[in-house]
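This report concerns only the one structure given below.
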Amino acid sequence: MHKKGFIFDLDGVIVDTAKYHFLAWKKLANSIGVDFSETQNEQLKGVSRVRSLEKILQWGNKTLSEEEFIALMAQKNEDYLSYINKMDASEILPDVSRVLDFLIEKQQAIALGSASKNATPILKKVHLLEKFEAIVDGNDVSKAKPNPEVFLIGAKLLGIAPEDCIVFEDSVAGVQAANTANIISIGIGEKSVLHEADYIFKDFTEMSQEFIEQIISGEIQKQSNSDLSINN
Ligand code: BG6
Ligand code: MG
C-alpha cells in the first residue's frame, strides 16, 4: 500500500481565519495610531504573532518597551479569540472535509503544520481535530516559516520521510518552507502569489479525487524546477 504524509496549514487552508486576524490587528494598530490595510494584512499571512507585531510597528514607525510589546500581543490574541470562540463547522473552507475524508478512506497519514498557537482550539471549534494524526503548531516550533522546521517535525511525527510528504499552503513563506524540506508543495490560492509551489489550486473544489490518487501512487511528484510548475 502506498502511504504518504499530507500536512495541512490551518489559517487560509482549512479555515478562513485571515479575516479575524485582520480585524484584531487593525483594532490594535489603530489603538496605537497606526493605519492598517487589507493589503498589509496579506503580508502577515503565515507570519508568527511576534513578527506580525514587529512589522506593524515598523510600518507605523513606532517603538515600544518590551512590556508594552507583550501586553499588545496579549490584547491582540484576546480580540482574536473573541472571534474564534464563535466559529463553527460552517467556517471550514469548501471541500476541505471532502479531501480529508478521502485521505482517511485511503488510509493516508494526516498532520497539521501551522504557525498559530491557537490551532488546537480552532480545530476543536470546527470539529476537525480528530481527523489529524499529528498536530504541529506555533507552540512546538522555534523557527518560523519559511524555515522548514514545522513540516519536518510533522513528517517525523507521522513517521514518513519528507520526500513522501505533501504540504497544502496558502502563504509564500509556507510554500518556501515545504520546498526547502523537499516536500511536494501545493499552493492553495492565487497563482500570481504562490508561483513557487509545485502545484497550485484556487481552492480544494478544484482538486479532483484523481489528482489525490496520483499523489498517493507517486505518479505526481515534486517538480525539479518550480518555475516550470504545472498548475493542474
Ligand atoms: C498563521 C497566520 O497561520 O498563524 C498568521 O497566517 C498568524 O496570520 C500566525 O499571525 C500566528 O497565529 P496565532 O493564532 O498564534 O496568533
Ligand atoms: Mg496559512
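What helices does the chain have that are whole DSSP H segments, at least 20 Å long along their own axis by Cα, and with mean Kyte-Doolittle hydropathy of -1.0 or more?
On the way: long enough: 66-84 (27 Å, -0.36).
Flagged H segments are 66-84.
Just checking the listed ones, 95, 137, 11: in the Gaussian network model of the chain with Cα springs under 10 Å, the one fluctuating most is 95. Summary of the geometry: segment 127-181 and segment 20-81, compared by the centres of their Cα atoms, lie 25 Å apart. Summing charges over all other residues whose Cβ lies under 12 Å from the Cβ of residue 170, with Lys and Arg as +1 and Asp and Glu as -1, gives -4.
Contact order, relative form, for segment 18-84: 46 percent (alpha carbon pairs under 8 Å, 6 or more residues apart, mean separation divided by residue count). Assuming a ≥ b ≥ c are the square roots of the Cα gyration tensor eigenvalues, decide whether segment 97-232 counts as rounded (a/c under 1.5), prolate (otherwise, with a/b larger than b/c) or oblate. Rounded, since a/c falls under 1.5. A Förster distance of 25 Å, applied to the separation of the beta-carbon atoms of residue 73 and residue 43, puts the FRET efficiency at 0.90.
Under 21 Å Cα-Cα from residue 27, which lysines qualify once same-chain neighbours fewer than 8 residues away are excluded? Of all the lysines, those that pass the test against residue 27 - Cα under 21 Å, at least 8 places apart if same chain - are 19, 45, 55, 62, 76, 86, 117. Of all lysines in the structure, the ones whose alpha carbon falls short of 23 Å from that of residue 4, not counting any fewer than 8 places away in one chain, are 106, 131, 145, 156, 202, 222. Using C-alpha pairs under 8 Å with a sequence gap of at least 6, the mean separation divided by the residue count of the chain gives a relative contact order of 22 percent.
Over the chain, DSSP H runs of length four or greater, each weighted -39,500 (n - 2.57), average out per residue to a 222 nm ellipticity of -12000 deg cm²/dmol.
No value in this document is a laboratory result; all are computed from the given coordinates. On a predicted model such as this, the values are computed, not experimentally measured, just so you know. So basically every Cβ, Gly included, is an ideal-geometry build from the backbone, and we count neighbours across all protein chains shown.
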